[in-house]
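The structure appears right after this line, and notes come after that.
The values are calculated or read from the model by the stated rules, or taken from the named source; none is laboratory data. All of these numbers come straight from a predicted model, not from anything done at the bench. Note that we place each Cβ from the backbone using ideal geometry, even for glycine, and neighbour counts take in every protein chain shown.
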Amino acid sequence: MIMSAPVEREGSPLAPAQASPPAPRRKGTLLIVDDEEGPRLSLKLIFKDDYEVLLAEDGPSAIQLAQEHRIDVAILDIRMAGMSGIEVLERLKYVDPGIEVVMMTAFETTDTIRQAMRLRACDYINKPFDLATVRAAVANAMQRRTLEGEFHNNAERLQELLNELQNQKIEEQMAQTRGEIYASIIHDINGPLTVISGFVQLMNQRIGNASRLEVEDLEFIKDRLKTITRQVTNCIEISRRYLSFLRRRADDAPRVGVNQLLTDLHHLVRVHPSKQQNEFVIRPLLQDIAVRMNGTDLIQVLLNLAVNGFQCSAQPHLVEIEAAVLAAALDLRTFKDGPQERFLNVENFANTAPLLKLSVRDTGPGIPPEVLPRIFQPYFTTKSGRQGTGLGLNIVQRLVREAQAALHVRTDPGQGTCFTVYLPAVYLPD
């Protein structure tokens, strides 16, 4: 038996999907500016089927049309009553530098040609014009406008891709540093766990096979249990502290004292490969305080600044971090950008007391005046490829901005550099 093929009907599942028609291509817009009606209407008649045509009888009308519409090409008569074609050309380029302009006149002079070319007119035709000449001039101008628009769009897209790539690399760098910080959790907890494990083994050895416990055995166990309890408490405090760091909203996170953050930082720095033979000193607060900033972010800021200090010179030198509490807001008038200093994020700085002042200073060679303005740019580095990615200080700037903090840099050639972070702070409860 021969079976007939199924019939395809519109809307049937068997019917092939209909591709949506492509969007209609936008017609170019042509502006014709001439104070004589005859040439205006003649040109409109020539181009009305090819482009959207707008007419203007004088300069002010042409400029108003350019402000209200996207003009691709304009044909300007040079000699007009009131505003001249050269003046209109200049004003149109001010409204939209991408407008292509064809100048037209019956009185050609070298001076007017020079003026028109200087103002970036793309062509120049004489009256009376022939049809082929004016069509070719406008077609070439339209093509230039289209190519320029495509180039501009491609350049914008390229810049967007570069920005995405830059942000991705910065995020990767920040994630890498956070990985180092969170690795210190293992380091911090490993110590108490080692003590706990050792003491449990000692108690097992002491009482594992005993059928009865003597008084001295009980005292031994009580003493070890006290130590184990202290170490367990340390593990709990460490885990709580780092869990609070993971919360991105600093105002909602439990307050962690700055001195504890500095202790955690010291654990990271003392094993950091950049430290090498350099001396590292931390001067904590006499009276502790908390900051309105995510704890991990603050450690990352200080770690990046410390590493930057270590890498400023191949000769052994000092890197020092000092903390202080300011009971009054900063007088921002005293900070002036100059060849030896910069003050960042003043416009977004929450300058309300109490403030925490954290200074990271080194005794290296200092930063040359021509380099200082560039140090926070992404990928800018004066170090070898093995030492720096050029992202550390850019990350510091970003985190400072997010925390509504401020950053001051002061450098003295031959003596060293000091980075000072000013942070909104809160007093810890008694």
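Looking at (1) over 21 Å from S42 (Cβ atoms); (2) at pLDDT below 75; (3) not β-branched (V, I, T), which is the only condition E160 fails?
(2)
Taking only pairs six or more apart or across chains, which ones have beta-carbon atoms under 9 Å, a first residue in segment 116-128 that is assigned by TED's automatic domain parsing to the domain that holds L89 and modelled with pLDDT under 70, and a second residue that is surrounded by fewer than 13 Cβ atoms within 10 Å (Cβ to Cβ) and not charged (D, E, K, R)?
Here the result reads R120/P97, each pair linking segment 116-128 to a residue that is surrounded by fewer than 13 Cβ atoms within 10 Å (Cβ to Cβ) and not charged (D, E, K, R).
Any chance you could count how many residues in segment 412-430 are more than 25 Å from the chain's Cα centre (by Cα) and farther than 18 Å from A353 by Cα? Explain how you work it out, then say what you get.
If we filter segment 412-430 for residues that are more than 25 Å from the chain's Cα centre (by Cα), which is where we start, we get 412-416, 425-430.
Going one step further and asking which of them are farther than 18 Å from A353 by Cα, we end up with 412-416, 430.
So the answer is 6.
Checking L393 against (1) in a strand (DSSP E or B); (2) under 20 Å from F280 (Cβ atoms); (3) of a type in the set (A, V, I, L, M); (4) at pLDDT below 95, which test does it fail?
So the condition that L393 fails would be (1).
Hey, can you tell me all the residues within segment 316-355 that are over 24 Å from I289 (Cβ atoms), free of Cβ contacts under 8 Å to residues at least 24 places away in the same chain and assigned to a loop (DSSP other than H, G, I, E, B)?
Just the residues of segment 316-355 that are over 24 Å from I289 (Cβ atoms), to begin with: 316-318, 333, 336-342, 347.
Right, trim to free of Cβ contacts under 8 Å to residues at least 24 places away in the same chain and you get 333, 336-338, 347.
Within segment 316-355, K336, D337 meet the criteria.
Restricting the search to segment 285-312, which residues are in a loop (DSSP other than H, G, I, E, B), in contact with a strand residue (DSSP E or B) (Cβ under 6 Å, 6 or more places away or on another chain), over 20 Å from L393 (Cβ atoms) and not basic (K, R)?
Passing the criteria: L285, D288, I289.
At pLDDT below 90, over 30 Å from Q276 (Cβ atoms), of a type outside the set (S, T, Y) and surrounded by 16 or more Cβ atoms within 10 Å (Cβ to Cβ): is that true of R401 in this structure?
On the way: at pLDDT below 90: yes; over 30 Å from Q276 (Cβ atoms): yes; of a type outside the set (S, T, Y): yes; surrounded by 16 or more Cβ atoms within 10 Å (Cβ to Cβ): yes.
Answer is yes for this residue.
Test L298 against the criterion of being at pLDDT below 90 and either under 16 Å from D412 (Cα atoms) or buried (at least 16 other Cβ atoms within 10 Å of the Cβ) (or both), and give yes or no.
Details: at pLDDT below 90: yes; either under 16 Å from D412 (Cα atoms) or buried (at least 16 other Cβ atoms within 10 Å of the Cβ) (or both): yes.
Yes: the conditions hold for L298.
Just checking, does segment 358-369 include any residue being assigned to a helix (DSSP H, G or I) and either in contact with a His (Cβ under 8 Å, 6 or more places away or on another chain) or at pLDDT 85 or above (or both)? Break it down stepwise before answering.
Taking segment 358-369 as the starting set, the residues that turn out to be assigned to a helix (DSSP H, G or I) are none.
The answer is no; no qualifying residue exists.
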